[in-house]
Amino acid sequence: MISFKNVDKWYGEHHVLQHIDLQIKKGEVVVVCGPSGSGKSTLIRCINRLEPIQKGRILVDGMDVNDPRTNLTRLRAEVGFVFQQFNLYPHMTVLDNIMLAPRMVRLMPRVEAEEAAMKLLEKVDIPDKADAYPCQLSGGQQQRVAIARGLAMQPKIMLFDEPTSALDPEMINEVLDVMKQLALEGMTMVCVTHEMGFAREVADRVIFMDEGILIEENTPDEFFHNPQSDRTKDFLGKIL
Ligand code: ADP
Ligand code: MG
């Protein structure tokens, strides 16, 4: 579903992704971890071309992400993205936030879009917030709306960039529970997160990055109990 072939990216002189090779199968849940500044956000932002690359190739469901002929709208419809800072439109209700892409991109009639959006709100367990504005919701509720919005285009892949890092501790689980549910339903997911409980329980694979290099990838069990590189051991020592 996602394939990185010898991918390099620079920000000016800074070699932020170095020779990345990575294959992610349909239905796989991959957790990406590593120190701040190691390139985790950049890595996943390349998947839906929020960032261009300078070398190598990224394929997403058969689409060559960096080929100028690739239809970006179609690519992004297949790849939902959830950010650390929710990024909901503050002047729109919850329902309108969720319906926006289907209505604008798919030209879905209002009634149909509304019905689909309500289903998604039920899925993330806040159907009663349909007419609320983002500022009237808790952080955990806003992030669940952001997930519902990410799902509105019926994507094949969901990317999460530290979705719980901006939340108060008591709200983290309500968001992780929604993500677990998605994983159980077979969604292909790439999650940048430091929630190692989630990684242990849900991930098929954990990837560790440092200084733009993919240092190690393994099953959660092997990753936590038998880390291969010193950098991974050092990192795990700090966060566990
Ligand atoms: P992480 O998500 O692991 O914290 P990032 O992918 O955000 O790391 O950033 C990796 C490195 O690239 C950092 O050193 C960061 O400062 C730098 N960086 C990120 N975005 C930009 C940008 N738009 N322009 C220049 N440098 C950037
Ligand atoms: Mg980041």
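Exactly one of these conditions fails for residue 134: (1) more than 16 Å from ligand 1 (Cβ to nearest atom); (2) surrounded by 21 or more Cβ atoms within 10 Å (Cβ to Cβ). Give me its number.
(2)
Return a yes/no flag: does the range 61-73 have any residue that is open to solvent by less than 20 Å² (accessible area, probe 1.4 Å), within 16 Å of ligand 1 (Cβ to nearest atom) and either of a type in the set (A, V, I, L, M, F, W, C) or part of a helix (DSSP H, G or I) (or both).
no
Each row is one residue, and each column tells you yes or no for (1) over 24 Å from residue 224 (Cα atoms); (2) touching a Gly at 6+ places or on another chain (Cβ under 9 Å); (3) within 16 Å of ligand 2 (Cβ to nearest atom).
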position: 159; (1), (2), (3): no, yes, yes
position: 163; (1), (2), (3): no, no, yes
position: 167; (1), (2), (3): yes, yes, yes
position: 174; (1), (2), (3): yes, yes, no
position: 184; (1), (2), (3): no, no, no
position: 194; (1), (2), (3): no, no, yes
position: 198; (1), (2), (3): no, no, no
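Six or more apart or on different chains, Cβ under 6 Å: which pairs go from a residue in the range 61-80 that's farther than 21 Å from residue 27 by Cβ and acidic (Asp, Glu) to one that's open to solvent by less than 80 Å² (accessible area, probe 1.4 Å) and not in a helix (DSSP H, G or I)? Could you list them?
Partner pairs satisfying both residue conditions: 64/70.
Among the residues in the range 152-165, are any assigned to a helix (DSSP H, G or I) and open to solvent by 10 Å² or more (accessible area, probe 1.4 Å)?
no
Go through the range 89-112 residue by residue and tally those that are open to solvent by less than 30 Å² (accessible area, probe 1.4 Å), in contact (Cβ under 8 Å) with a residue 40 or more places away in the chain and over 27 Å from residue 1 (Cβ atoms).
Going through the range 89-112 one residue at a time, the tally reaches 2.
Would it be correct to say that residue 163 is modelled with pLDDT of 95 or more, within 16 Å of ligand 1 (Cβ to nearest atom) and not acidic (Asp, Glu)?
Yes, satisfied.
Go through the range 41-53 and report how many residues are near ligand 1 (Cβ under 8 Å from one of its atoms) and under 11 Å from the mean Cα position of the chain (by Cα).
3
Are any of the residues in the range 177-185 open to solvent by 70 Å² or more (accessible area, probe 1.4 Å), of a type in the set (A, V, I, L, M), modelled with pLDDT of 95 or more and within 25 Å of residue 79 (Cα to Cα)?
yes
The values are calculated or read from the model by the stated rules, or taken from the named source; none is laboratory data. Quick caveat, the model's predicted, so the values are computed rather than measured. Cβ: placed from backbone, ideal geometry, glycine included. Neighbour counts: every protein chain shown. The protein model used for the area step is the full one, side chains on, heavy atoms only, and it has no ligands, DNA or RNA in it. Shrake-Rupley method; radii C 1.70, N 1.55, O 1.52, S 1.80 Å.
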